[in-house]
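Visitor: I have a structure here, written as structure tokens, and I will follow up with some questions on it.
The values are calculated or read from the model by the stated rules, or taken from the named source; none is laboratory data. Just so it is clear, the structure is predicted and the values come from calculations on it, not from any experiment. Positions of Cβ are generated from backbone atoms using ideal geometry, with glycine treated the same way; all protein chains shown enter the neighbour counts.
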Amino acid sequence: MNLAAAITLGAFAASPAMGFDLARCARDVSGIGYNSEEDHRDHGGGVVTYVAKTCINGDCIRASLVVGCGSGKMVSAVSACEEVEPGFCSGKTRAMDAADLVHPALLGMVNSDEALTMEDVARRLKSKALRVSSATLDREVCACRAAYPGLRNGKTRFRLGAGQ
């Protein structure tokens, strides 16, 4: 899987955490409003994807994320956004129950044989997503903890619990 190779080397040294697997990452996350993460997938070579949903007082957003566990590089692409508070969706709305155009496109990219960087993924998702953002995380995400704990590389360890 070439995206993984483009993001991180040394993934061969990673091994799943004992007793902590991707199934534990699919959960409702406590906090203000409703937050959930689902469809966590390990694509090999230190690359994971998942879908995050958040609703607060009727303002809701759904995003697909891809993370390079070793580097912490992350791309988030918003596939749906509904607002009660004007401006929450930055002028771009799509119903939460509308077909997700972003996640299938993201999965197609990370599972292809094409060598892609995170920047390539972000650029290609812009035509399907309402918004695309990139960041380098300093905290480990759940799927990386489950699939690649050896690639934490100084990031704050993910802990399953309130607010996570």
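Visitor: Which is surrounded by fewer than 20 Cβ atoms within 10 Å (Cβ to Cβ) and in contact with a Ser or Thr (Cβ under 8 Å, 6 or more places away or on another chain), of Asp138, Asp113, Asp120?
Guide: Details: Asp113 fails: in contact with a Ser or Thr (Cβ under 8 Å, 6 or more places away or on another chain); Asp120 fails: in contact with a Ser or Thr (Cβ under 8 Å, 6 or more places away or on another chain).
Answer to the selection: Asp138.
Visitor: Checking Ala99 against (1) surrounded by 15 or more Cβ atoms within 10 Å (Cβ to Cβ); (2) under 14 Å from Arg62 (Cβ atoms): exactly one of these is not met. Which one?
Guide: (1) is the only condition that Ala99 fails.
Visitor: Please verify whether Leu130 is of a type outside the set (D, E, K, R), at pLDDT 95 or above and farther than 22 Å from His43 by Cα, treating the condition exactly as stated. Don't jump to the end; show me each part of the working.
Guide: Working: of a type outside the set (D, E, K, R): yes; at pLDDT 95 or above: yes; farther than 22 Å from His43 by Cα: yes.
Here the answer is yes, as Leu130 does meet what is asked.
Visitor: Something else now. Among the helices (runs of 4 or more DSSP H) contained in segment 43-155, which hold 3 or more residues that are over 25 Å from Arg24 (Cα atoms)?
Guide: Working: elements: 102-110, 118-125, 142-147.
Passing ranges, in order: 118-125.
Visitor: Which numbered condition trips up Ile32, out of (1) β-branched (Val, Ile, Thr); (2) at pLDDT 90 or above; (3) exposed (fewer than 15 other Cβ atoms within 10 Å of the Cβ)?
Guide: Ile32 satisfies all of (1) β-branched (Val, Ile, Thr); (2) at pLDDT 90 or above; (3) exposed (fewer than 15 other Cβ atoms within 10 Å of the Cβ) except (2).
Visitor: Hey, another quick one. Give me the pairs: first residue in segment 123-150 and under 19 Å from Ser71 (Cα atoms) and touching a residue at least 40 places away in the same chain (Cβ under 8 Å), second residue among the aromatic types (Phe, Trp, Tyr) and in a helix (DSSP H, G or I), beta-carbon distance under 6 Å, and six or more apart or on different chains, which are they?
Guide: Note: no pairs meet the criteria.
Visitor: Also: Can you tell me which residue within segment 90-118, out of those that are without any contact (Cβ under 8 Å) to a residue 24 or more places away in the chain and not charged (D, E, K, R), is nearest to Tyr50 (Cα to Cα)? Walk me through how you get there before you give the answer.
Guide: First pass over segment 90-118, keeping only residues without any contact (Cβ under 8 Å) to a residue 24 or more places away in the chain: 91, 95, 97-99, 104-105, 108.
Those left that are additionally not charged (D, E, K, R): 91, 95, 98-99, 104-105, 108.
Working: Gly91: 25, Ala95: 19, Ala98: 18, Ala99: 16, Pro104: 11, Ala105: 13, Gly108: 14 Å.
Ranking the candidates gives Pro104 first.
Visitor: Which of the residues spanning segment 97-145 are touching a strand residue (DSSP E or B) at 6+ places or on another chain (Cβ under 6 Å) and of a type in the set (S, T, N, Q)?
Guide: Ser133, Ser134, Thr136
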